[in-house]
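The values are calculated or read from the model by the stated rules, or taken from the named source; none is laboratory data. Predicted, not measured: the structure shown is a model, and the values here were computed from it. As a convention, Cβ positions derive from the backbone with ideal geometry for all residues, glycine included, and neighbour counts pool all protein chains shown.
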Amino acid sequence: MQKKVLALMVILSSNAYAATVELGFENERYTRDQYKTSDVFMPYISTSFNPIEDSSLNISMKYMYQDQYGKKHATTPKDQFKTNRDRIEVIAKGYSWKNGNFSFSPQAGFRYESWDINYLTNTGKQDRSKLELRFYPNMDYKINDQVNVYLSGFVAPVFMKTKQESRKGDHYVKGELSTNNYNGDYYHELQLLGVRYKINKNNSLWSSIYNERKYSEDASKYDRWQLRVGYNVNVINDLSFSPFVRYDLHYKEENIESAKFVKDHGKSRNKDELRIGSGFNYKATSTVNIVGEVYWQTAKVESYSGVSSDDKNRMFYKLAVRKSF
């Protein structure tokens with residue numbers, strides 16, 4: 001899959017107008033020993049281009065590969081059950097409708113993910129895939145030259161293919177490991193009320209109320225409300241930073257597996273998170289930018305029975321080179 005995706009991205013971007021290509025990586029590292037097996041390294045390539053000359057239509061594509069290298073820290077065969085993942089994203093945009101100070105700029109696309117679980121050793125090998133059909137209802141209203149309010153994010157029906165063992169519905173059979181298709185999943189991430197204040201041409205402050213909702217058929221559902229605050233500043237003409245804070249106001253996950261097979265049916269658990277970090281953008285030349293992000297995150301770990309474990313703390317690093325043509 002990797003070679004096919006890369007070839008397609010190169011072909012499309014090389015025959016396009018006003019294209020950009022970005023090559024980089026993301027890395028997640030957990031600071032406590034009991035969570036080290038979750039460490040992942042994720043190289044990626046993305047491109048954005050106009051397929052039609054003098055058209056506002058823009059296509060963006062991204063391919064990312066995830067290697068769960070943290071499994072090397074595992075001490076038992078069960079914990080060494082390694083996961084690799086391919087992710088493909090495609091988004092189309094370009095249409096915008098304006099009425100006075102209000103603008104509506106929708107986008108549409110998809111994210112497809114495919115997991116190879118324990119693929120290298122082929123012991124208990126599992127395949128899993130997910131397709132999200134994403135719609136981005138982006139809206140913006142300009143109050144004055146300094147203040148605007150906005151709505152951003154996406155809503156998505158989700159189609160999942162995974163082992164029945166991971167989703168205990170009414171038709172679940174204990175020990176049955178066959179792969180099932182689940183077409184009733186749903187996911188959204190929305191900044192429902194965002195406010196941006198432009199201090200001057202080099203500085204702006206923003207804040208938003210964010211809602212994330214996920215429903216996984218015969219598994220779980222959760223609802224998150226979060227306060228997000230950020231500050232964008234140009235230190236010099238070629239270097240900008242965007243520090244931010246994300247603070248969970250409410251984040252609960254409920255077990256909706258069948259009561260016939262699990263004792264925790266209907267129970268909820270707390271999953272509150274706090275994230276503090278910053279992105280940056282450095283214009284190295286007229287056509288090359290160095291971009292990145294660093295953040296620290298802490299998350300509560302709690303079972304459906306109410307038993308708490310140590311907080312799950314992690315560091316995140318992103319670094320990439322973006323070239324425009």
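Taken as a whole, the range 60-70 holds at least one residue that is crowded, with 18+ Cβ neighbours inside 10 Å and either polar (S, T, N, Q) or more than 28 Å from Met160 (Cβ to Cβ) (or both). When the residues of the range 46-57 are filtered to those that are surrounded by 19 or more Cβ atoms within 10 Å (Cβ to Cβ) and of a type outside the set (Phe, Trp, Tyr), the one that is nearest to the chain's Cα centre (by Cα) is Ser46.
Of the residues contained in the range 154-166, none is found to be under 30 Å from Ser207 (Cβ atoms), over 16 Å from the mean Cα position of the chain (by Cα) and modelled with pLDDT of 95 or more.
Here Leu193 qualifies as surrounded by fewer than 14 Cβ atoms within 10 Å (Cβ to Cβ) and within 18 Å of Asn138 (Cα to Cα). Across the range 255-282, the number of residues qualifying as in a strand (DSSP E or B), surrounded by fewer than 16 Cβ atoms within 10 Å (Cβ to Cβ) and over 21 Å from the mean Cα position of the chain (by Cα) comes to 1. Quick one: in the range 277-289, of everything that is β-branched (Val, Ile, Thr) and in contact with a Lys or Arg (Cβ under 8 Å, 6 or more places away or on another chain), which residue is nearest to Asp310 (Cα to Cα)? The qualifying residue nearest to Asp310 (Cα to Cα) is Val288. For the range 170-222, a tally of residues being hydroxyl-bearing (Ser, Thr, Tyr), in contact with a Lys or Arg (Cβ under 6 Å, 6 or more places away or on another chain) and within 30 Å of Asp238 (Cβ to Cβ) returns 2. When the range 283-325 is limited to residues that are β-branched (Val, Ile, Thr) and in contact with a Ser or Thr (Cβ under 6 Å, 6 or more places away or on another chain), the one that is surrounded by the fewest Cβ atoms within 10 Å (Cβ to Cβ) turns out to be Thr287.
Restricting attention to strands (runs of 3 or more DSSP E) lying wholly within the range 99-150, give those where 1 or more residues are modelled with pLDDT of 95 or more and touching a Pro at 6+ places or on another chain (Cβ under 7 Å).
126-136
Within the bounds of the range 22-29, is there any residue that is surrounded by 15 or more Cβ atoms within 10 Å (Cβ to Cβ), among the aliphatic types (A, V, I, L, M), at pLDDT 95 or above and in contact with a strand residue (DSSP E or B) (Cβ under 7 Å, 6 or more places away or on another chain)? Looking through the range 22-29, none of the residues is surrounded by 15 or more Cβ atoms within 10 Å (Cβ to Cβ), among the aliphatic types (A, V, I, L, M), at pLDDT 95 or above and in contact with a strand residue (DSSP E or B) (Cβ under 7 Å, 6 or more places away or on another chain). Taking Arg213 as the residue in question, decide whether it is among the basic types (Lys, Arg), under 24 Å from Ser105 (Cβ atoms) and touching a Phe, Trp or Tyr at 6+ places or on another chain (Cβ under 6 Å). So Arg213 does not fit the description; no. From the list Glu273, Glu302, Glu253, the lone residue that is free of Cβ contacts under 8 Å to residues at least 60 places away in the same chain, of a type in the set (Asp, Glu) and under 30 Å from Asn234 (Cα atoms) is Glu273. In this structure, Ser305 does not satisfy being modelled with pLDDT of 95 or more and under 24 Å from Arg32 (Cα atoms).
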